[in-house]
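See below for the structure under consideration.
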Amino acid sequence: MAGDRWFASDNNATIHPRIMDALVRANRGHAVGYGDDPDTARAEATVAAAFGAGATVRFVLNGTGANVYALGCFAGQGDAVMCSDCAHILVDETGAPTATLGVQLVPVETRDGKVQPRALVEALRDHDDVHKPRPALLSLSQPTEVGTVYSLDELAALCRLAHEAGMAVHIDGARLSNAAVALGTGPAEAAMFASDANGKGDRGADVVCFGGTKNGLMFGEAVVFAPRETGVAEGNAYPDTARLRKTRLQLASKMRFIAAQFEEYMSGDLWRECAKLANDSAARLAAGLEQRGITPVYPVQTNGVFLRLPSPVVEQMRQKRFFYDWEGGAVRWMASWDTSDDDVEGLLSDLDEALAGYAAAGGADADLPELLHEKETNIIAGRELLRSNWHTLDRYKSDEDRGLPPPPFTRPAPDGAAAVALPDPVATDLGGKSFRDITATRRSRRKYKPEPISLEELSFLLWSCAGVKTVRGVNAFRTVPSGGCRHPLDLLVYARRVEGLQPGLYRFMAVDRSLALVKPAAIVPGADPAKNGFLELDAEMDAGLAGQLWNCAAMFVWTAVPYRTEWRYTVAAAKTILLDAGHACQALYGACEAQGLGTCAQAAYNQEKLDRALGLDGTDEFAVYAAPVGRV
């Protein structure tokens, strides 16, 4: 092993010197046990002040104990605790919540470790039955087990759903300090603690486990209870949290030694200093991986880096470094408050050596057994998608069958977005070229002149591949076909060189025949306006498009809103949506040829990066197809 410093876990790190000094200071004379000492009272008040008026703080011994204690204050025998499908309480606590409390843990679907609101709604619907356990609590990890961070709005939406369903909300904040640093907030705000934590009047988390052990403390966590709002039903009042701490085996006799650490931890924002050091080290490590062509499995937002490497590389690294394997064939490298720049460089140097050895052995040109199996499995799944499964629809009741209303056939414009009216495409003389000539000359064109296209030309292109001809009731009849008239596609346009149009990212509002500005793109001072990079959004868009921005005049990106088709066709929706995307892009090809413009369909892009660049949630709406347009 490389010395005694690893990237296995922040639990392996040293204790911060200030915390050690605080323990030494606390180790003087006698003090009343079980928290009835002045040091504990002072520390509880200090932590409570960080979480707001009315917060109740209970110090406990460790993370699993904190979670079980907190859950047990809201859920009991036979109750359901809903959590992410990768939650620590579900996969890494040896069944402690179930064994101790008798609760049933219900995994909820996630994306990048984050519980999805729609999946939570479905889970609640599945438990709206006397034969199912009562949903008592929603448990969320902030940050998630894969290092990603819920935004305040994401947390607010989940808290709102939980509270409307009569559930309390628990935050597993073992690394809450790291999430707070990533969000630029305090720990209370990062956990959506209590009411109006996001400034929008939303009621937030009811109990937060605020961790310290992973961020410079020797041991100990703080469980923080939110004040009960006026008018809360008597049955929802807090139980005796003081006695329950003892019942759950978490009342430390020498409490002053936990308290002394937390008082120092909060002093001068030591918690923030330690978490920032860890997050920054992880960011440097992720940047080094990207330079080597290795993209982490999940966005690196806190201090965890998850990646996939060939097995021989992993095993060679393991001879020098202690680290953990993770689900899905990944490994986890975790930075700590005491991770240094030299530690990061040393790890990357060992990785370079392992990769070089793997390449020299010919490994880079051959599929490893596990990769071969994964490839074959994915090929089979892909072929299955291509096959018809309409015969299975009778097995599933669609939301249309249930009598639920159809979803809107267009996304609304972003709040406050400036709208740009488009010229009437039918009123122009554009597109007069014959179908025979268009078909004869059609081809993919990847090189474009650094010249603008007109707003009239852009309007014609948009109308040709996504226009609405008429609206009848809940159906929009467009210029391109769609299975069942469901039209699951929306269209975003990154306008770079369009006469009379401010550069930026726009959403096409097909019914109104207008463009809604999503994000403006300012000109980069001193940049060459004839090349990629002259606009501020170019780098982010090009990264999402896997380097295929190609200095175009405008980039078309079709997004899928799957539920529009799932509402009727359930399990057959995916194939139908992809066929619809093909229809739309082919129409764009024809419209470009008719105007002497060029385009090229793009299916090879980075899903997560492109979704982020477009401001999409990646679940209810995500990119499915792209095509640059320009003069040729």
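The values are calculated or read from the model by the stated rules, or taken from the named source; none is laboratory data. Here the structure is a predicted model, which means the values were calculated and not measured. Cβ atoms come from the backbone with ideal geometry, glycine included; neighbour counts cover every protein chain shown. For accessibility, only protein heavy atoms count, side chains too; no ligands or nucleic acids. Shrake-Rupley method; radii C 1.70, N 1.55, O 1.52, S 1.80 Å.
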Treating the angle as unsigned and between 0 and 90°, give the value, to the nearest 10°, between the Cα long axis of helix 117-126 and the longest Cα principal axis of the chain. 70 degrees
Can you pull the percent of the chain's accessible area that's carbon plus sulfur, 1.4 Å probe, other chains left in place? 52 percent
Using mean Cβ contacts within 10 Å as the protection proxy, how do 497-510, 17-30 order, highest first? 497-510, 17-30
List the aspartates and glutamates whose Cα lies under 15 Å from the Cα of Lys132, skipping any in the same chain that are fewer than 8 positions away. Asp79, Glu122
Packing-wise, with mean Cβ within 10 Å as the measure, how do 155-164, 423-432, 278-287 rank, highest first? 278-287, 155-164, 423-432
With charges only on Cβ, +1 for K and R and -1 for D and E, what is the dipole size of region 529-617 about its Cα centre, in debye, rounded to 20? 240 debye
How many angstrom lie between the C-alpha centres of region 560-576 and region 435-490? 21 Å
Local charge sum around Met541 (other residues, Cβ-Cβ under 13 Å, Lys/Arg +1, Asp/Glu -1)? -1
Which residues among region 27-68 fall inside the zone where the amide N is under 18 Å from a point 7 Å beyond the Cα of Met20, along Cα→Cβ? 27-28
State in Å² the accessible area per residue of the chain; use a 1.4 Å probe, count heavy atoms of protein chains only, and round to the nearest integer. 45 Å²
Charges on Cβ only, +1 for Lys and Arg, -1 for Asp and Glu, centred on the Cα centroid of the chain; of Ile294, Thr441, Ala157, which one is farthest towards the dipole's positive end? Thr441
Here are labelled values, (i) 57; (ii) 27; (iii) 33, and one is the computed percent of Cα pairs over 43 Å apart for what I pasted. Which one? (iii)
For the pairs Lys214/Lys609; Lys449/Lys531; Lys214/Lys276, note any where the Cα-Cα span goes beyond 21 Å. Lys214/Lys609
Using Cα positions and a limit of under 15 Å, work out the aspartates and glutamates in reach of Lys375, with same-chain residues fewer than 8 apart set aside. Asp365, Asp367, Glu384
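I need the peptides 436-449, 54-67 ranked by packing, meaning the mean over residues of other C-beta atoms within 10 angstrom, with the highest value on top.
54-67, 436-449
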DSSP beta bridges in the chain, what fraction antiparallel, as a percent rounded to 5? 75 percent
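Can you check what the net charge comes to around Pro97, using other residues whose Cβ is under 13 Å from the Cβ of Pro97 (Lys, Arg +1; Asp, Glu -1)? Don't jump to the answer; show the numbers that get you there.
Details: positive: Arg248; negative: Asp79, Asp92, Glu93, Asp172.
Value of the local net charge: -3.
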Calculate, for Asp512 and Arg402, the FRET efficiency according to 1/(1 + (r/R0)^6) with r their C-beta to C-beta distance and R0 35 Å; round to the nearest 0.05. 0.65
Which aspartates and glutamates, if any, have their Cα less than 16 Å from the Cα of Lys447, not counting same-chain residues under 8 positions apart? Asp542, Glu593
Using 7 Å Cα-to-Cβ label points, what is the Thr295/Val474 separation (nm, one decimal)? 3.7 nm
Against the longest alpha carbon principal axis of the chain, how many degrees, from 0 to 90 and to the nearest 10, is the axis of helix 270-291 turned? 40 degrees
Identify, among Leu277, Leu461, Pro412, the residue whose Cα sits farthest towards the positive end of the charge dipole of the chain, taking +1 on the Cβ of Lys and Arg and -1 on the Cβ of Asp and Glu, with the dipole about the Cα centre. Leu461
Hey, how many Å between the Cα centroid of region 58-137 and the Cα centroid of region 402-429? 40 Å
Evaluate the charge dipole of the chain about its Cα centre and quote only its size in Debye, nearest 20, assuming +1 on the Cβ of each Lys and Arg and -1 on the Cβ of each Asp and Glu. 1200 debye
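Express the relative contact order of the chain as a whole percentage, based on alpha carbon pairs under 8 Å and six or more residues apart in sequence.
12 percent
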